[in-house]
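Since the structure comes first, as structure tokens, the remarks are kept for the end.
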Amino acid sequence: MITNSVLIKNANIVNEGGITNGDVYIENGIFKEIAPQISAKSPNVQIYDAEGKYLLPGVIDDQVHFREPGLTHKATIGTESRAAVAGGITSFIEMPNTVPQTTTIEKLEEKFEIASKTSYANYSFMFGGTNDNLEEILKVDPKNVAALKLFLGSSTGNMLVDNPQVLEKIFSSTDLLIAVHCEDEQTIKDNTAVYRAEYGDDIPIELHPVIRSEEACYLSSSNAVALAKKTGARLHVFHLSTAKELELFTNKIPLQEKKITAEVCIHHLWFSDQDYASKGTLIKWNPAVKTANDREALFEALLDDRLDVIATDHAPHTAEEKDNVYTKAPSGGPLVQHALPAMLEFYHQGKISLEKIVEKMCHNPSILFQIEKRGFIKEGYFADAILVDLNAPWTVNKDNIAYKCGWSPFEGTTFKSRITHTFVNGGLVYKNFKFYDVKNAQRLTFDR
């Protein structure tokens, strides 16, 4: 429901480390006024009474795989952005390992064109680096593209960059933020060979974190951090999964001054290796979900700011694809609809504050990627916002899952909190499990 003027009354506004009660007036997609009390400016204002609810900035997810083009039997930009707004995610940054891969300017612009017509949430895309596309990388305009993505360990849709000379050349040559998937390929190959010799293709899923091990993660991430320090490159390390890797990152300087940053994903905060017995390949991710001790260390590092961002790594596959033996079941799972409800569950458990959730899911992605005028509830900023009812329990089931793949690792989970309204650029796109066919999304821009 697009309307030129929106007034949200009596909201508990969670923003910049505090919670204040007040009103928010939106005009032409922009936060126009934020005050303790605001009167309707005209009879045409759409008014929402947020009494008892919390108003958060729209979540910015810096790592998703929406599978378009080429893998649209799993997902599309349209279906997954729709699921994202149901989860309070109003902006996303999508990865380049589609088919074809996003490793030329032409293919990048084709994805922007698709999103401009079909996305429910604001969008940007990462450009993919390979062993032989440095010339294309140097054509990318940092003001218009979120970052450069490098796979330093192969994952679904192989774009492995494994030539050390090429890697150093990329790090030395680009002003783009470089985002990396870190797992050492040779370590993984060696470990896989050991267990394939014993089990064939039907390796027990419980061995996934042994194959894609702590050693594989640390070897790769420590090399990436060392290379960034050597070259002065701006590095962001995706989806940390081990306690050991945390020693590579600091909380001693403000985020705006960090040249090396890191994120953690929902699944590494929620699941542990004890869950493989019940969830099987549904929780097969790269990097792997590891031990409960790793999970607790990641949470501690999130709270003390060694980890800067919470993301999803939303990577859907069909249920049929996941229902395979270990070597044939792809890694990845759908998460955008349930990421914020999961973090709000941690709030109810007393593990994290609402303010910290907003910092890590809204403010910090905006700061880290230098996104223009998003991620905060501020006058003059784009009006991306969500209303949350902290006391409206609901259970994840097939009837309310919005992903094209139709399943979730959270099926059967009851969340205490519910996203009741999602506004993208001032337009209401989602309300209480109902979607409005509103394409109010915009391409993200960057202040660089």
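The values are calculated or read from the model by the stated rules, or taken from the named source; none is laboratory data. The shown structure was predicted, so the numbers you read here are calculated from the model rather than taken from an experiment. Please note: Cβ atoms are built from the backbone with ideal geometry, for glycine as well, and neighbour counts cover all protein chains shown. Heads up: the accessible areas ignore ligands, DNA and RNA and are worked out on the full protein's heavy atoms, side chains in. Shrake-Rupley method; radii C 1.70, N 1.55, O 1.52, S 1.80 Å.
A few comments on the model shown:
- Only a single item in (1) of a type in the set (D, E, K, R); (2) open to solvent by 10 Å² or more (accessible area, probe 1.4 Å); (3) part of a helix (DSSP H, G or I) is not met by GLU80, and it is number (2).
- Enumeration of residues in the range 31-82 that are in contact with a helix residue (DSSP H, G or I) (Cβ under 8 Å, 6 or more places away or on another chain) and among the hydroxyl-bearing types (Ser, Thr, Tyr): TYR54, THR76, SER81
- Restricting the range 39-60 to residues that are part of a loop (DSSP other than H, G, I, E, B) and among the aliphatic types (A, V, I, L, M), the residue that is surrounded by the most Cβ atoms within 10 Å (Cβ to Cβ) is ALA50.
- Hits in the range 353-373 - residues which are buried (at least 20 other Cβ atoms within 10 Å of the Cβ) and outside any helix (DSSP H, G or I): ILE371
- Number of positions in the range 262-294 that are under 16 Å from SER213 (Cβ atoms), basic (Lys, Arg) and either free of Cβ contacts under 8 Å to residues at least 12 places away in the same chain or part of a helix (DSSP H, G or I) (or both): 0
- Total residues in the range 227-252 satisfying the condition of being of a type in the set (A, V, I, L, M, F, W, C) and not in a loop (DSSP other than H, G, I, E, B): the figure is 6.
- Annotation for the range 266-276: no member residue is among the aromatic types (Phe, Trp, Tyr), touching a strand residue (DSSP E or B) at 6+ places or on another chain (Cβ under 8 Å) and either at pLDDT 95 or above or open to solvent by less than 20 Å² (accessible area, probe 1.4 Å) (or both).
- Filtering ALA297, ALA342 for residues that are open to solvent by 10 Å² or more (accessible area, probe 1.4 Å) and either free of Cβ contacts under 8 Å to residues at least 40 places away in the same chain or in a helix (DSSP H, G or I) (or both) leaves a single hit, ALA297.
- Lone qualifier among LYS290, LYS328 - being more than 17 Å from ASP62 (Cβ to Cβ) and crowded, with 23+ Cβ neighbours inside 10 Å: LYS290
- Among the criteria (1) closer than 20 Å to ASN223 by Cα; (2) modelled with pLDDT of 95 or more; (3) within 28 Å of the chain's Cα centre (by Cα), the one VAL161 does not fulfil is (2).
- Residue count for the range 101-139 under the criterion of being assigned to a loop (DSSP other than H, G, I, E, B), free of Cβ contacts under 8 Å to residues at least 40 places away in the same chain and under 22 Å from the mean Cα position of the chain (by Cα): the result is 1.
- Restricting attention to the range 394-441, the residues that are buried (at least 20 other Cβ atoms within 10 Å of the Cβ), at pLDDT 95 or above and of a type in the set (S, T, N, Q) total 4.
- The single condition among (1) over 24 Å from HIS239 (Cβ atoms); (2) surrounded by fewer than 24 Cβ atoms within 10 Å (Cβ to Cβ) that TYR120 does not satisfy is (2).
- Qualifying residue in the range 5-24 (condition: at pLDDT below 95 and surrounded by 15 or more Cβ atoms within 10 Å (Cβ to Cβ)): yes
- Under the condition of being of a type in the set (Gly, Ala, Ser) and outside any strand (DSSP E or B), the residues counted in the range 1-38 number 2.
- With respect to the conditions (1) in contact with a Lys or Arg (Cβ under 7 Å, 6 or more places away or on another chain); (2) part of a loop (DSSP other than H, G, I, E, B), LYS398 lacks only one, and its number is (1).
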